[in-house]
Amino acid sequence: MRKFEEAAATSAALVALISLTTGCSESKTKTIPELPEQICWGIFASKDVAPFLPTGGKATIDADPFVMEEPLDSSTCSLYIDGNVKFQASADYKNFERSIDWSSFEKANPESINVGKKGIVWHDGAASYLECEPPKSPSGSGKYIDLQLYTEVSPDSDEARHVLPTLLKQFAAFTKRELKCDVNNKN
């Protein structure tokens, strides 16, 4: 009988040990997937974007060439985690300043920021625009670039709202340089 009790106690201890180690392996902390050092046309350092990205298994980046030579041209860079867009940068060429419409952002209670000719930020996005070529006449067309950043964060997180203005400034500087925007233009 004693051997049976010892075997039962050993089995119980073994089951408890297996349960403990299994619990440890299942509770591994998930992390964000590995990213290249720079993302989206080489503008953003991954370390600056990573703090507000969710965890996941695989990250992929899809970016259009950054070329805007004609009105209605646009370029978008999307960072996907497990197949879902979690960060996006886009630039759109507009002929007229009045064509830039941010009315859809009003519900997000944006606040003004000093980026480009005008800039705004809200909890999960930011926008700005640059005047690359001013119109030659009061009713003439110019070259305006509408820049927008989006990230998917929880509505109660304020982290992206603090980081996005810096990222938007980097995006604006890159755009000015890439598109050879008028250097005398103060936006």
- Query: Which whole-angstrom value gives the distance between the alpha carbon centres of region 29-53 and region 97-146?
  - Reply: 26
- Which lysines have a Cα lying under 28 Å from the Cα of Lys30, excluding residues fewer than 8 positions away in the same chain? Lys47, Lys58, Lys86
- Note on the structure: With x for Gly and Pro, the residue-by-residue ³J(HN,Hα) of region 96-113, computed from phi through the Karplus equation 6.51 cos²θ - 1.76 cosθ + 1.60 at θ = phi - 60° and given in whole Hz, is 10, 4, 5, 6, 7, 10, 10, 4, 5, 8, 4, 5, 7, 6, x, 10, 6, 9
- Task: On the protein heavy atoms, probe 1.4 angstrom, tell me the percent of accessible surface of region 66-141 carried by carbon and sulfur.
- Result: 42
- Report the normalised scattering of region 67-187 as log10 I(q)/I(0) at q = 0.14, 0.16 Å⁻¹, calculated by the Debye formula with identical scatterers on the alpha carbons. -0.59, -0.76
- Message: Nothing charged except the Cβ atoms of Lys and Arg (+1) and of Asp and Glu (-1): what's the magnitude of the dipole of region 40-187 about its Cα centre? Round to the nearest 20 debye.
- Response: 460
- Note on the structure: Taking placed amide H atoms and a strict 5 Å upper bound, the residues 5 or more places from Phe44 or on another chain that come that close are Ile39
- Residue-normalised accessible area of region 35-80, expressed per residue, 1.4 Å probe, Å²: 52
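The values are calculated or read from the model by the stated rules, or taken from the named source; none is laboratory data. It should be emphasised that the depicted structure is a prediction, and the values quoted were computed from it without experimental measurement. When we count neighbours, we look across all protein chains shown, and the Cβ atoms used for this are built from the backbone with ideal geometry, even at glycine. Only protein heavy atoms, including side chains, enter the accessible area calculation; ligands, DNA and RNA are left aside. Shrake-Rupley method; radii C 1.70, N 1.55, O 1.52, S 1.80 Å.
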